[in-house]
1. What residue, of Leu66, Leu157, Leu136, is farther than 30 Å from Thr207 by Cβ and out of contact with any Cys (no Cβ under 8 Å at 6 or more places or on another chain)?
2. Specify the residue that is nearest to the ligand (Cβ to nearest atom); the eligible residues are those in the stretch 183-209 that are at pLDDT 95 or above and among the small types (Gly, Ala, Ser).
3. Cβ-Cβ distance below 7 Å, separation of 6 or more or different chains: which pairs start in the stretch 163-183 with a residue that is more than 18 Å from Trp15 (Cβ to Cβ) and end on one that is modelled with pLDDT of 95 or more and assigned to a helix (DSSP H, G or I)?
4. For residues that are in a helix (DSSP H, G or I) and charged (D, E, K, R), scanning just the stretch 91-124, find the one that is farthest from Ala137 (Cα to Cα).
5. Can you pull out every residue in the stretch 36-90 that is at pLDDT below 95, among the β-branched types (Val, Ile, Thr) and in a helix (DSSP H, G or I)?
6. Within the stretch 265-275, is there a residue that is of a type in the set (Lys, Arg) and assigned to a strand (DSSP E or B)?
7. Restricting to the stretch 228-247, name every residue that is touching a residue at least 60 places away in the same chain (Cβ under 8 Å) and among the small types (Gly, Ala, Ser).
8. Pick from Glu309, Glu275, Glu265: which is more than 26 Å from Asn329 (Cα to Cα) and surrounded by 11 or more Cβ atoms within 10 Å (Cβ to Cβ)?
Amino acid sequence: MKVELEEIVKPLLEWYQENRRMLPWREDKNPYYVWLSEIMLQQTRIEAVKEYYARFLAELPTIQELAEVEEEKLLKLWEGLGYYNRARNLKKAGQKIMQEYDGEMPKKYEDILTLPGIGEYTAGAISSICFNEKVLAIDGNVLRVISRIVASKKDILLLATKKEIAKKLEKIIPEEAGNFNEALMELGETICIPNGKPQCEKCPLQTFCLAKKKGLIEEIPVREKKAKRKVEEKVVFILRHGERVAVQKREEKGLLAGMYQFPNEKGDKTKKQIEEILKKWNLKAKRIREVGKAVHIFSHIEWHMTGYEIQVEAENEIFEWITKEQLENNFAIPTAFAKWKKII
Ligand code: SF4
């Protein structure tokens, strides 16, 4: 059994015209909006992105404002989305667009690809959707849909598999490249969904789909398990003095670079060890109370955290001591610390 892939183009485009969801970044094809939404969508579901997207654009409505934004404000706008380097790269790319392209997103795929933080997928999405360049934008949705249609059991996490799928799609990409890319992604997001059962009975490609014909839907796509993540135990300190709480800035390099956090130390600690740490920070506890545990999962590491709320006798100079209001409005605290932020 073999599928002639070019046969999917027409029904796919027709289905997309009828069924496309109205999304804020789809209304006009402003490249800044498409770019921002694509970067946000790399880490969060569409429904959650809508709110971040609206807030971000309300504050930074143009590429010029993005290029000029203060880092603290940028990180605050990104708070909760994670992968903060993506926000920093947005700004760097904005600066490059201002300097080299008069504030206008370059139109060609090859030029878009030179912007910081923009990889093949995002460059493909922007150039095909906004400028109708005939290039592909292959994300996990596209890999899943095509693997199922051709019943390929190759590991979609491998670059070689992606290249093979790109080769097949290059042969069939139509003039309406933007719609074609969006249609494949939309099908993957709404019908040929990743976890759980795809809704094949609603799928415009069901008559072509070999995975369906061969009963292989459960097995495809193949994703080999990634290496196990490293687990790091941590103690998080919610240090309180009156109305204020201690925060500190993380190092400028590495995980969550430059973000604010509640002071924390690696390892699981006894009460005695906690007191020693406080001493090292020139702090003295009036009261120490455990306030629960939390796990945060990054791509390569898991933090297993235990929180302690500690009333201290006086503030030190090592940390910044801020009010709840300042914490809400001016300091970007990564989602990893969300549990502790909630109790402030
Ligand atoms: S028929 Fe089912 S498995 Fe095949 S592409 Fe459509 S939704 Fe996916």
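The values are calculated or read from the model by the stated rules, or taken from the named source; none is laboratory data. Note that this is a predicted model, so its numbers are computed, not measured. A quick note on method: Cβ atoms are made from the backbone with ideal geometry, for glycine too, and the neighbour counts reach across all protein chains shown.
1. Details: Leu157 fails: farther than 30 Å from Thr207 by Cβ; Leu136 fails: farther than 30 Å from Thr207 by Cβ.
Checking each option against the conditions leaves just Leu66.
2. Gly188
3. Taking only residues 6 or more apart or on different chains, the pairs are Ile165/Leu143; Ile165/Ile146; Lys168/Ile146.
4. If we filter the stretch 91-124 for residues that are in a helix (DSSP H, G or I), which is where we start, we get 91-100, 109-112, 120-124.
Okay, now just the ones that are also charged (D, E, K, R), so 91-92, 96, 100, 110-111, 120.
Values: Lys91: 23, Lys92: 22, Lys96: 23, Glu100: 25, Glu110: 13, Asp111: 15, Glu120: 7 Å.
Result: Glu100.
5. Within the stretch 36-90, Ile46, Val49 qualify.
6. The initial filter retains those residues of the stretch 265-275 that are of a type in the set (Lys, Arg), namely 266, 269, 271-272.
Now drop any that are not assigned to a strand (DSSP E or B), which leaves 266.
Within the stretch 265-275 (the criterion being of a type in the set (Lys, Arg) and assigned to a strand (DSSP E or B)), the answer is yes, since at least one residue qualifies.
7. Filtering the stretch 228-247 down to residues touching a residue at least 60 places away in the same chain (Cβ under 8 Å) leaves 229-241, 243-247.
Matches in the stretch 228-247: Ala246 only.
8. Details: Glu309 fails: more than 26 Å from Asn329 (Cα to Cα); Glu265 fails: more than 26 Å from Asn329 (Cα to Cα).
Criteria check complete, one pass: Glu275.
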